[in-house]
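FYI, it's all coordinate maths here, none of it is from the lab. Computed from a prediction, not measured in an experiment: that's the story for all the values here. Here the Cβ positions follow ideal geometry from the backbone for every residue, glycine too, while neighbour counts run over all protein chains shown.
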Amino acid sequence: MEDKIQSAINLLENECQKKNVSYSLSLIDPQRKCKLILSGNLLHVTLSLVAAFKNLEQIAEKTTCNCPTCSEFKRILDIDEPSSEDSTESNCDRIDALLEEFFRGGSI
Ligand SMILES: [Zn+2]
């Protein structure tokens, strides 16, 4: 892992331990190599993972865009397409806004 990213993770780990905050952190590089880092209370870590998954499911269920990216997003989460209409037109503004809200700590 890149040194700057590892340093940021180490800083996060130290600060979370000081404040008794549990966390789950997932990273993925452009080659889709994933790394999952869990720290703290197992129950709290599990709750954070479930909350993240449920949020992504809700976002996927709300999106009506059928562009290749959104279709893949919904396929990964096993969300049925609302219609069989094929569309290559991208309408990702709404899903981007929902994801931004989620990553800023929006509704869970
Ligand atoms: Zn889209």
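Details
- Between region 1-21 and region 49-67, the alpha-carbon center distance in angstrom: 28 Å
- Low-density loop positions, GluC sites (Glu not before Pro), region 1-32 - DSSP coil, at most 10 other Cβ in 10 Å: Glu2
- Modelled spin-label separation between Lys62 and Cys16, with each label point placed 7 Å from Cα along the Cα-to-Cβ direction: 2.5 nm.
- Neighbour net charge for Ile37 - beta-carbon separation under 15 angstrom, K R +1, D E -1: -2
- Label sites at Asn41 and Cys92, each approximated as a point 7 angstrom past Cα along Cα to Cβ, lie 3.7 nm apart.
- Local net charge near Ala8, Cβ-Cβ under 11 Å (Lys/Arg +1, Asp/Glu -1): -3
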